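One structure below.
The values are calculated or read from the model by the stated rules, or taken from the named source; none is laboratory data. Not measured: the values here are computed from a predicted model. Note: ideal-geometry Cβ built from the backbone for every residue, glycine included; neighbour counts use all protein chains shown. Please note that ligands, DNA and RNA were not included when accessible areas were found on the heavy atoms of the full protein model with its side chains. Shrake-Rupley method; radii C 1.70, N 1.55, O 1.52, S 1.80 Å.
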Amino acid sequence: MEFIIKISQFLLSLSLLIVLHELGHFIPAKLFKTKVEKFYLFFDVKFSLFKKKIGDTVYGIGWLPLGGYVKIAGMIDESMDKEQMALPPQPWEFRSKPAWQRLIIMLGGVTVNFILAYVIYVAVSFTYGDSDVKVDSLKDGYWIENPALLEIGFKTGDKVLAINDTPVVNDSDIGFNLISAQSITVERDGEEKIIDLPEDFLGQYSSSKSKLNFEYRVPFMVGAVSDSSLNKSKNLKQGDIIKSINGKELKYFDQVEQFTKGLNNQTVTVEVLKEDNSVVKEELALDADGKFGIHPWTNNFSRFDELGVLEVTRKQYTFGESFAAGGRKFTKTITNYFDQLAAIFNPSTGAYKGLGGFKAIYDQFSPVWSWPYFWGLTAFLSIMLAILNLLPIPALDGGHVVFLLYEIISGRKPSEKFLERAQVVGFFILIALVLFANGNDIFKAVTN
């Protein structure tokens, strides 16, 4: 079931982003009376899953879910339609339109992606408000499991006080500032300790087998029981909390491994706290790896707040206030993503090792359906898609924009032969990046 939930979110988000991005090109093209020959979700290599011609445009769904496209007549793009380009220009073709119109058409996709992200942040702010966890409410600090963090010197129970001498108030401060972090101040056993991060920390973190960061120390709350779990038929509901194992009190989920060590392929007795606060006993089986096969629900903040595990600060916004709140999230996400790109393009940070492809994106989706999380991640991916498309690489929107700006400023249009060659070069650069990113995914899957 968790696979179905994750793949459904992945495909829904991807489809939404692709269709709206291509619609951003389609609408201005139509407004400027430019012929759009194809509008496709996913790529139709050799054949289509669905297609229908309406007017001059064929609308369809391809079978290869690596993106989508609109084919605009008279434009040198990934289709490399040299036959059409060899014919005399027609008034309804892209190449016949003024440079400023072509520029608007090319910027339409990323513009829609930025607008979409902002609208999502506004809607999420108005519908759900903002919630964050105060770090000083985490009485027993954070759960540290990532080997990259452990090797540097962090330990479970550390309380994060500051990053680069800037005090940390809310948990979200850690995520937004970790990319540029050089040192982190923690409290351990009542004493302050400064941990300096190595220059290639991001590379070490990206290459780590674990993707856990500074995780909350929260109870073992059931999120979902894996389809392959030996406990699939047990009376476990989402929101149940496992309070003890074989009579030993289980305060936090991070203690499960030490409680079940050496009990592989055995059955244990657990106490389960139900949502009505009743406690029942249940016999649960551990598999060959000593696992229950249960996905924990680690972000049920309202319930954890009720239990006194952590303190959640909440802020609701009126319709008018949500525009400013959404704007703050929008600009903060863009700034943070540019920091990520800067780190990736700086070899000394090693951040390029964390560059991932479609599996990396898929892994970001939760096995438990959460609309606030889904929309937040979709907004981030929309910003990511917009910024990456603006990179000045031929074959991307940003490459076309660079040539158009050159034409507008200089008054000289690059030759079609030059644009064709640039398109080929850009295509190979993109293929190399796609292979590297998805190769990273495969390498991590094989080695982890």
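Listed by chain and number, the lysines whose alpha-carbon sits under 16 Å from that of Lys53, ignoring those within fewer than 8 places in the same chain, are Lys30, Lys35, Lys38, Lys71. Here region 1-65 and region 426-448 have alpha carbon centers that stand 24 Å from each other.
Counting charges near Leu230 (Lys, Arg +1; Asp, Glu -1) among other residues having Cβ under 15 Å from its Cβ returns a value of -2. Computed from the C-beta positions of Leu391 and Glu275 and an R0 of 56 Å, the FRET efficiency is 0.70 to the nearest 0.05. Of the listed residues Glu22, Glu192, Glu271, the order by accessible area with a 1.4 Å probe, largest first, is Glu192, Glu271, Glu22. Taking a straight Cα-Cα cut-off under 20 Å and skipping sequence neighbours fewer than 8 places away in the same chain, the aspartates and glutamates within cross-link reach of Lys413 are Asp77, Glu78, Asp81, Glu93, Asp397. Here are labelled values, (i) 1.03; (ii) 0.96; (iii) 1.00, and one is the computed Rg/Rh (Cα atoms, Kirkwood Rh) for what I pasted. Which one? The calculated read-out lines up with (i). Taking every protein chain into account, the accessible area of the chain amounts to 52 square angstrom per residue (probe 1.4 Å).
Express in whole angstrom the spacing between the alpha-carbon centres of region 216-282 and region 356-392. Here the answer is 31 Å between Cα centres. Each residue was assigned an accessible area with a 1.4 Å probe, and for Asp136 the value is about 120 Å². Helical runs (DSSP H, four residues minimum) scored at -39500 (n - 2.57) apiece and divided by the length of the chain put the mean residue ellipticity at 222 nm at -14000 deg cm²/dmol.
Sorted by accessible area with a 1.4 angstrom probe, largest first, how do Ser180, Ser228 fall?
If we order Ser180, Ser228 from most to least accessible, we get Ser228, Ser180.
For Tyr59, the accessible surface of its heavy atoms amounts to roughly 70 Å² (probe 1.4 Å, protein chains only, rounded to the nearest 10).
Roughly how big is the chain's charge dipole about its Cα centre, with Cβ charges of +1 (Lys, Arg) and -1 (Asp, Glu), in debye to the nearest 20?
Numbers: 46 positive and 51 negative charges, 365 e Å.
Dipole size: approximately 1760 debye.
Over 22 Å apart at the Cα level, from the set Lys6/Lys444; Lys6/Lys261; Lys134/Lys251, are Lys6/Lys261.
Which order do you get for Thr127, Thr333 if you rank them by accessible area with a 1.4 Å probe, largest at the top? Before the final figure, lay out the partial values.
Numbers: Thr127 85, Thr333 15 Å².
Order by accessible area, largest first: Thr127, Thr333.
What order do you get for 104-115, 37-48 when each peptide is scored by the mean count of other beta carbon atoms within 10 Å, highest first?
Final packing ranking: 104-115, 37-48.
With a Förster radius of 45 Å applied to the beta-carbon distance between Leu150 and Glu321, the computed FRET efficiency rounds to 0.60.
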